[in-house]
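The values are calculated or read from the model by the stated rules, or taken from the named source; none is laboratory data. Only a predicted model underlies this, so the values are computations on that prediction, with no experimental measurement involved. Counting neighbours? That spans all protein chains shown, and the Cβs are built from the backbone with ideal geometry, glycine included.
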């Protein structure tokens, strides 16, 4: 049974509900920094709305149509400090698309984007795509606030199919994920031209970045569209390789455990970290089942036609629950057509610009041993290790919100990510090489929510 679009598809891939329509905000007066607002025209956009705002950060935009704090739920630890007071211009809109999952602004249209242009621009552009199945405002507090305060322009995309039913978008297996990459490229090119309209010249430096699926986008863009960027920061990007490992090789054992057909040792043998067991009950309830069946429906829809991803179920519990057939899923034995579908979006490690990768050692959705550890070796095999740095964050997990539940066992990755972004820009712009690959130890004291030294 397909879930009604009015019911939020949360938890597993969203970790948050869709907010009700926000109250209207009052834009800043159309003078001063707003005088040339009418000159901005996002190339290729089917719809766009421009607004001149006194502050582009979450502190001011919360509760307005210019962000969606509900879509950010669970991503950051409580106590995270974000800057504020960045006046500028915001453009919201969408590119032509045939799918209509994203209900933000009442548009019921996918390929939505947000572009933010600070008045005091440093000449740079930061681009990202939504993690999980969230939408274009998901990383406002994680990424947008901090980079805007440093003077960067910011652009984010919903990836073209913002829903846990994303696998229904497209004609061929793999089409939906392939669109994620295309939409990111589309937005980067458009935002570059918008900066020329606003400031008189394009960006001097462009950076790609993201978390989870956004980290995957970062890897893919630097491998396949390196001419568009000067570097990137990949925060626990999802790994897709045609022959594995990938989510379809790591998650079936979690489904088997959920159904009582595998024990904890089976997960450890599959690459889940020793010491992460305390996180497994939560991930079993909120992540593993729906993630497996959703991506399996995207790349291998013929495997079980009675279990088509997140549409299996009429309640949140049913949607999040695994399909019994997925416990027996064996990616290696599936037809060559399935492997070709994954190959269309697979990573190679052949990055063309500097990349910093971060991954928490206790990630219980994307185990580090079957994800970033593997990607680091892929980069090395392609001879690109000289432009790659890999930092493992001790006691970091997939989303920082879990730190609030386990402050004695976890540490947030966000402050390490922010340090990594600073290191990347120094690497690119000043030639200051970042520290060598290392594990960032969990400190015994100090403000772990807001500080992290890479060295």
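At a glance:
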| item | result |
| --- | --- |
| Checking residue 406 against (1) touching a strand residue (DSSP E or B) at 6+ places or on another chain (Cβ under 9 Å); (2) under 25 Å from residue 80 (Cα atoms); (3) part of a loop (DSSP other than H, G, I, E, B), the condition it does not meet | (1) |
| Filter result for the condition that a residue is assigned by TED's automatic domain parsing to the domain that holds residue 119, under 18 Å from residue 67 (Cα atoms), touching a residue at least 60 places away in the same chain (Cβ under 8 Å) and crowded, with 24+ Cβ neighbours inside 10 Å, over 138, 146 | 138 |
| Criterion violated by residue 247 - all others in (1) under 19 Å from the mean Cα position of the chain (by Cα); (2) farther than 24 Å from residue 336 by Cβ satisfied | (2) |
| Matching residues, the range 265-284, being free of Cβ contacts under 8 Å to residues at least 24 places away in the same chain and closer than 17 Å to residue 361 by Cβ | 267, 268, 274, 277 |
| Lone qualifier among 304, 330 - being surrounded by 17 or more Cβ atoms within 10 Å (Cβ to Cβ) and more than 30 Å from residue 222 (Cα to Cα) | 304 |
| Matching residues, the range 298-331, being in a helix (DSSP H, G or I) and either without any contact (Cβ under 8 Å) to a residue 60 or more places away in the chain or over 27 Å from the mean Cα position of the chain (by Cα) (or both) | 317, 318, 324, 325, 328 |
| Leading residue by the ranking (farthest from residue 452 (Cα to Cα)) among those in the range 66-98 that are in a loop (DSSP other than H, G, I, E, B) and touching a strand residue (DSSP E or B) at 6+ places or on another chain (Cβ under 6 Å) | 66 |
| Enumeration of residues in the range 164-186 that are in contact (Cβ under 8 Å) with a residue 60 or more places away in the chain and either part of a strand (DSSP E or B) or farther than 17 Å from residue 299 by Cβ (or both) | 183, 186 |
| Flag for residue 404 being in contact (Cβ under 8 Å) with a residue 12 or more places away in the chain and crowded, with 24+ Cβ neighbours inside 10 Å | no |
| From 260, 232, 289, 237, residue being in contact (Cβ under 8 Å) with a residue 24 or more places away in the chain and either assigned to a loop (DSSP other than H, G, I, E, B) or more than 29 Å from residue 128 (Cα to Cα) (or both) | 237 |
| Condition check for residue 322: over 19 Å from residue 178 (Cα atoms) and surrounded by 21 or more Cβ atoms within 10 Å (Cβ to Cβ) | yes |
| Residue check for residue 270: buried (at least 17 other Cβ atoms within 10 Å of the Cβ), at pLDDT 95 or above and closer than 22 Å to residue 372 by Cβ | yes |
| Test result for residue 358, farther than 30 Å from residue 409 by Cβ, in contact (Cβ under 8 Å) with a residue 60 or more places away in the chain and either touching a helix residue (DSSP H, G or I) at 6+ places or on another chain (Cβ under 6 Å) or assigned to a helix (DSSP H, G or I) (or both) | no |
| Some residue of the range 42-65 being in a strand (DSSP E or B), closer than 27 Å to residue 413 by Cα and out of contact with any helix residue (DSSP H, G or I) (no Cβ under 6 Å at 6 or more places or on another chain) | no |
